[in-house]
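Structure, as structure tokens:
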Amino acid sequence: MQIQKTNNVQFGAKYISPATIKVKAGKRWKDTQVSFIKFDTSKQRDISFLEGVESLWGGKNLSAGIVDEAHILGGKTNVYGVTTQTSDFDVVDARKVLGLISTDKIAKDESEVGVYRMGTTPKYAYAQNKRSRDVKHIATAMYEAVKNLATKKAKAPVVIHNATPEDAKFLSKLGVEA
């Protein structure tokens, strides 16, 4: 029997839903649709992909923490992302990933869904580039997508764990008490 070699690397982010960010068009901000996707943290190839995102971001904006969480907890943590990519999620381009967010399991038997880490690419992060960025509301898009998923699947509220005092101002704009 002959075994054929394939390039199937058993990686594939799962498309969850559209999300909306703002992109600067001239002097105005325009709503732009992006993709909210989920990574399978029980697969080493997905964790390796997240390591690639961490490398592109220079370990900043909680990317290193999200990768550590995926290594330690494996399939017990959920990692989602927002990307400008709109198709072919079996081959995600790390350069198109705008943000990552890690959460508890989202299932109908959960009483709440915890968010642990949320970070955006340094190029568009408010903390690093509030004046010069041409893309914004990435974290808002991720939080809203998780909240919608939690409401739909678990009918449970989203709770932010370990929020820093700096995050509290942002979270209060979203209506979240930190």
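The values are calculated or read from the model by the stated rules, or taken from the named source; none is laboratory data. These numbers come from a predicted model, not from an experiment. Neighbour counts are summed over all protein chains in view; Cβ atoms, including those assigned to glycine, are modelled from backbone coordinates with ideal geometry. Just so you know, the surface numbers come from the protein's heavy atoms only, side chains and all, with ligands and any DNA or RNA stripped out. Shrake-Rupley method; radii C 1.70, N 1.55, O 1.52, S 1.80 Å.
A few notes on this one:
- Counting only aspartates and glutamates at least 8 places from LYS76 when in the same chain, those with an alpha carbon closer than 17 Å to its own are ASP40, ASP46, ASP68, ASP104, ASP109, GLU110, GLU112.
- With at most 10 other Cβ atoms within 10 Å, longest stretch of the chain clear of loop trypsin sites (Lys or Arg not before Pro) (DSSP): 28-107
- When +1 charges are put on Lys and Arg Cβ atoms and -1 charges on Asp and Glu Cβ atoms, the dipole computed for the chain relative to its Cα centre reaches about 800 debye.
- Cross-link partners of LYS24 among aspartates and glutamates (Cα-Cα below 16 Å; sequence separation of 8 or more within a chain): ASP134
- Each label was represented as a point 7 Å from its Cα along the Cα-to-Cβ direction; for SER87 and ARG28 these points are 2.9 nm apart.
- Relative contact order of the chain: 20 percent, from C-alpha pairs under 8 Å at least 6 residues apart in sequence.
- Counted charge near LEU56, where neighbours are those whose Cβ lies closer than 12 Å (Asp, Glu -1; Lys, Arg +1): +1
- Summed residue charge, Cβ within 14 Å of GLU110's Cβ, Lys/Arg positive, Asp/Glu negative: +4
- Distance-filtered residues of the range 51-67 - backbone nitrogen under 17 Å, label point 7 angstrom along ASN129 Cα→Cβ: 53-63
- Just so you know, the Rg over Rh for the chain is 0.98, from Cα atoms, with Rh as the Kirkwood radius.
- A 1.4 Å probe run over the protein chains yields, for the range 99-164, 53 Å² of accessible area per residue, whole-number rounding.
- Residue list for the range 138-162, given a label point 7 angstrom along the Cα-to-Cβ vector of THR20 and an amide N cut-off under 12 Å: 141
- Kirkwood hydrodynamic radius of the range 81-173, from inverse mean 1/r over distinct Cα pairs, in Å: 14.4
- A simple count of charges around THR151, restricted to other residues whose Cβ falls under 14 Å of its Cβ and scoring Lys, Arg +1 and Asp, Glu -1, yields +2.
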